[in-house]
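For reference, the structure discussed in these notes is given below.
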Amino acid sequence: MIEDDEKTFGAPPKRPMTHEIGQVLDTLSVAELDERILLLKAEITRLEETKRFKQDSQAAAAALFKL
């Protein structure tokens, strides 16, 4: 039954990998730890880009209202 569903609808989507701050790491393999590190680095990059965008918008608004 499940095989028929997978043939018809495709494999179910994979759950996105998540990481919880403070999570127990003892059960993770080296490969899983590497994946988590990449995930967290990508998230840091995303946060920094968003912060820069907001700072640029804030500076533009401040410059506009100083005129």
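Just a few scattered comments:
- Residue check for A60: of a type in the set (G, A, S), open to solvent by less than 100 Å² (accessible area, probe 1.4 Å) and modelled with pLDDT of 95 or more: no
- In the range 10-22, the qualifying residues are those that are out of contact with any Lys or Arg (no Cβ under 8 Å at 6 or more places or on another chain) and of a type in the set (A, V, I, L, M), and the one that is most open to solvent (accessible area, probe 1.4 Å) is I21.
- Output for the range 23-49, where each listed residue is small (G, A, S) and either touching a residue at least 24 places away in the same chain (Cβ under 8 Å) or surrounded by 10 or more Cβ atoms within 10 Å (Cβ to Cβ) (or both): A42
- Residue match in the range 50-61 (condition: farther than 12 Å from M17 by Cβ and not in a helix (DSSP H, G or I)): no
The values are calculated or read from the model by the stated rules, or taken from the named source; none is laboratory data. This structure is a prediction, so every number in the text was calculated from the model and none was measured. All Cβ positions, glycine included, derive from the backbone under ideal geometry; neighbour counts span all protein chains shown. Calculation scope for accessible area: heavy atoms of the full protein, side chains included, ligands and nucleic acids excluded. Shrake-Rupley method; radii C 1.70, N 1.55, O 1.52, S 1.80 Å.
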